[in-house]
1. Hey, among Lys109, Lys113, which residue is surrounded by fewer than 17 Cβ atoms within 10 Å (Cβ to Cβ) and in contact with a helix residue (DSSP H, G or I) (Cβ under 8 Å, 6 or more places away or on another chain)?
2. Looking at Gly193, Gly165, Gly177, can you tell me which residue is out of contact with any helix residue (DSSP H, G or I) (no Cβ under 8 Å at 6 or more places or on another chain), at pLDDT below 95 and either among the small types (Gly, Ala, Ser) or more than 22 Å from Trp62 (Cβ to Cβ) (or both)?
3. For segment 128-140, indicate whether the set of residues that are of a type in the set (Asp, Glu) and modelled with pLDDT of 95 or more is non-empty.
4. Taking into account only those residues within segment 136-146 that are outside any loop (DSSP other than H, G, I, E, B) and over 10 Å from the mean Cα position of the chain (by Cα), which is nearest to Leu22 (Cα to Cα)?
5. Using the structure shown, decide if Glu103 is of a type in the set (Asp, Glu), at pLDDT 95 or above, under 20 Å from Ser74 (Cα atoms) and in contact with a Ser or Thr (Cβ under 8 Å, 6 or more places away or on another chain).
6. Could you grab me the full set of residues in segment 147-168 that are part of a loop (DSSP other than H, G, I, E, B) and surrounded by fewer than 17 Cβ atoms within 10 Å (Cβ to Cβ)?
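The values are calculated or read from the model by the stated rules, or taken from the named source; none is laboratory data. Nothing here was measured: the structure is a model prediction, and the numbers come from that model. Positions of Cβ are backbone-derived with ideal geometry, glycine not excepted, and every protein chain shown enters the neighbour counts.
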Amino acid sequence: MFNSEGSERRREEERIRREGRLPPGQALTLKFPVLHYGEVPPFNPATWDLRIWGEVEQNVRWTWADLNELPRSSQAMDIHCVTRWSKFDTVWEGVSVKRLVDEGYIKLKPSAKYVMQHAEYGFTVNLPLEVVLQDNFLLATHMNGQPIEPEHGYPLRGVVGQIPGRDDLVTPYLWKGAKWLRALEFMPVDRKGFWEQAGYHNRADIWKEERFK
């Protein structure tokens, strides 16, 4: 069984490599490893909310019911962890920040240049606004047709991945999408998030192996 699984993984990894989809230093996994700091937080749909604030024309607070009424988007992406595993052909469903801005749900001020994702327990992750507004960034509730599992960020997580064939997109490592997301703060200047303050690379481009500063 082990040898069969190992052979399958190696064959699939070689196929992905030939297609030019395996970033340097990465290895394919057929699983979805769980890596996070702290405990899985509880979720109460009656009290949960998502706040939008900072360099916006009007602060917004969406309840869980509100969030589920927003326009939905889905995207197939390859995801790449800084710990060197990659998972391919995952399909994520949720809310596109680009679409929310385009359709007027979020009205940005011209001064908005960066975004801080605020998650449970005070965890933070920063990204340039231009990356958050790409097609490969979602506020995701589902993966592969199922609600995200609690250890992977349920009920809502930021997710950023590589869209096959879209070499025009900047693709950071997966940690740049926060699990258990609770707020987006639009900022005029950059601030480092939790792992960036601990020495991880601020841009985190997968193709440049920007793992640590």
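1. Values: Lys109 fails: in contact with a helix residue (DSSP H, G or I) (Cβ under 8 Å, 6 or more places away or on another chain).
None of the others qualify; the one that does is Lys113.
2. Values: Gly193 fails: at pLDDT below 95; Gly177 fails: at pLDDT below 95.
Testing whether each residue is out of contact with any helix residue (DSSP H, G or I) (no Cβ under 8 Å at 6 or more places or on another chain), at pLDDT below 95 and either among the small types (Gly, Ala, Ser) or more than 22 Å from Trp62 (Cβ to Cβ) (or both) leaves just Gly165.
3. Initial filter on segment 128-140 (of a type in the set (Asp, Glu)): 130, 135.
Filter once more, keeping what is modelled with pLDDT of 95 or more: 130, 135.
Looking for residues that are of a type in the set (Asp, Glu) and modelled with pLDDT of 95 or more, one finds at least one in segment 128-140, hence yes.
4. Going through segment 136-146, the residues outside any loop (DSSP other than H, G, I, E, B) turn out to be 137-143, 146.
Next cut, over 10 Å from the mean Cα position of the chain (by Cα) only: 141-143, 146.
On the way: Thr141: 26, His142: 24, Met143: 21, Gln146: 25 Å.
Residue satisfying both the conditions and the ranking: Met143.
5. Details: of a type in the set (Asp, Glu): yes; at pLDDT 95 or above: yes; under 20 Å from Ser74 (Cα atoms): yes; in contact with a Ser or Thr (Cβ under 8 Å, 6 or more places away or on another chain): no.
Answer is no for this residue.
6. Let us first name the residues in segment 147-168 that are part of a loop (DSSP other than H, G, I, E, B), namely 148-149, 153-156, 161, 163-168.
Glu149, Ile163, Pro164, Gly165, Arg166, Asp167, Asp168, listed by residue number.
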